Amino acid sequence: MDLTTMLGKIEMATPVLPASGTFGYGNELVEVIPYSMLGAIVTKTLTWHPRQGNPPGRITECGDTLINSIGLQNIGVKEFCEEALPKIVRLQKPIIASVGGDDPDGMLKTVEYLNTEEITAIELNLSCPNLGTTRLVAQDPEAIKKSVANARSLTLKPLIAKLTPHVADIAETGLAAEEAGANILCAGNTFKGIVFDWKKETLLAGGVSGKGIFPLALRTVYDLYQAVTIPIIGMGGISEASDALAMILLGATAIGIGTTMLIDPNLPEKVCQVISEYMKKKSITRINDLVGIKNGKKNYSGSY
């Protein structure tokens, strides 16, 4: 079964993406994960200057979830382009570079720098929950419009706006991103959470990922699809192939897998198999024709 997926104008071999922040810079896991099952490579979030990230003690398990507070540790966009990007290009996959930081000017410099590089699309990480800011850009529709519009003025590459689930109405923030020029939405990021270690009497505040957040993440996809006309990348808590299929049926054109891919490197292959079986059962030949068919609304034609 042909699983070729059009994410806007980005042609991908499958709808499966690695979630930003869980896949390194894109080439580190070639001996572990079957890259043929991935539709594109998504980098960890890049910033204008290198970042050391938050102090150690940044990740802990909490039941069937994981909480992290990495703080966007990365080598900076210039070193990435010089050292890591040539290796990723050789993998012959579309490359989505995630960019962000707690400095709006720095994020825009990063976007502009990547505009001339061999990058397929740029993801604006407007929603990192562990930078210590009191309010995320993705929580303010006007701030979203400003950030996306400024980035749009600097590049012709497809722009992906990465949203946060921590809003009263994610449809409102998704529409703000679309109106400002985003071509694709990413729904979304980790959920804010805190875990307390009673033995050490320490707590870790950060982003919650893993199986336990899946129903919440699925709702964000459902709500966004009701409101916007641009494609959506659904992610959050996908731990089984059936989860990915549900995301697509409720409105996601592509799906991102993070925490569970580190546990089960074969999950992308399982996802593709389940989707293929479902398409065959329903006599559907184009995967984009699956998008949103169980949502009650179908308003995305597969291109922008």
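In percent, rounded to a whole number, the relative contact order of the chain is 20, using alpha-carbon pairs under 8 Å and six or more apart.
For the pair Ser242 and Trp198, label points projected 7 Å from Cα toward Cβ lie 3.4 nm apart.
Out of every Cα-Cα pair that region 117-242 contains, those further apart than 20 angstrom amount to 46 percent.
For the chain, with a Gaussian network of springs between Cα atoms less than 10 Å apart, report the residue from Val167, Val271, Val32 with the top mean-square fluctuation. Result: Val32 has the largest fluctuation of those listed.
Take the Cβ-Cβ distance between Glu79 and Arg286 as r, set R0 to 25 Å, and report the resulting FRET efficiency rounded to the nearest 0.05.
Details: r = 40 Å, r/R0 = 1.60.
Calculated transfer efficiency: 0.05.
Among the listed pairs Lys9/Lys145; Lys9/Lys270; Lys78/Lys157, those with a Cα-Cα distance over 24 Å are Lys9/Lys270.
Converting phi to 3J(HN,Hα) with the Karplus coefficients 6.51, -1.76 and 1.60 and the offset θ = phi - 60°, region 92-99 yields 6, 10, x, 10, 10, 9, 8, 10 Hz in sequence order, with x at every glycine or proline.
Cβ-Cβ distance of Ser36 and Ala149, R₀ of 30 Å, FRET efficiency by 1/(1 + (r/R0)^6): the value works out to about 0.20. Using the Cα gyration tensor of region 201-258, with a ≥ b ≥ c the square roots of its eigenvalues, what is the shape: rounded (a/c below 1.5), prolate (a/b larger than b/c) or oblate (neither)? Judged from the Cα gyration tensor, region 201-258 comes out prolate (a/c at least 1.5, a/b above b/c). Mean residue ellipticity, 222 nm, helices only, the chain: the sum of -39500 (n - 2.57) across DSSP H runs of n ≥ 4, divided by residue count and rounded to 500, is -8000 deg cm²/dmol.
Computed extension gain for Lys87 through Glu11, at 0.36 nm per residue and net of the alpha carbon distance, reaches 25.3 nm.
Shown for region 45-201 is the translational diffusion coefficient from the Stokes-Einstein equation, using the Kirkwood radius over Cα pairs, a temperature of 4 °C and a viscosity of 1.567 mPa s: 79 µm²/s.
Could you calculate, for region 153-217, the ratio of the Cα radius of gyration to the Kirkwood radius, expressed as Rg to Rh?
On the way: Rg = 16.0 Å, Rh = 14.0 Å.
My calculation puts Rg/Rh at 1.14.
Note on Gln52 and Ala205: the extension gain reaches 53.3 nm, defined as 0.36 nm multiplied by sequence separation minus the Cα-Cα distance. On full extension, the segment bounded by Glu172 and Asp140 gains 10.6 nm, given 0.36 nm per residue less the C-alpha separation. Computing Cα extents along the principal axes in Å for the structure here picks out one of (1) 69, 45, 32; (2) 53, 48, 42; (3) 61, 43, 42, namely (2).
Suppose we flag GluC sites (Glu not before Pro) only when DSSP calls them loop and at most 10 other Cβ atoms lie within 10 Å. Which is the longest uninterrupted stretch of the chain? Looking at the chain, 32-200 is the longest stretch - no exposed GluC sites (Glu not before Pro) with at most 10 other Cβ atoms within 10 Å.
Each reported figure results from applying straightforward, stated rules to the coordinates on display, with no laboratory input. Everything quoted here is computed from the prediction, not taken from an experiment. Neighbour counts are summed over all protein chains in view; Cβ atoms, including those assigned to glycine, are modelled from backbone coordinates with ideal geometry.
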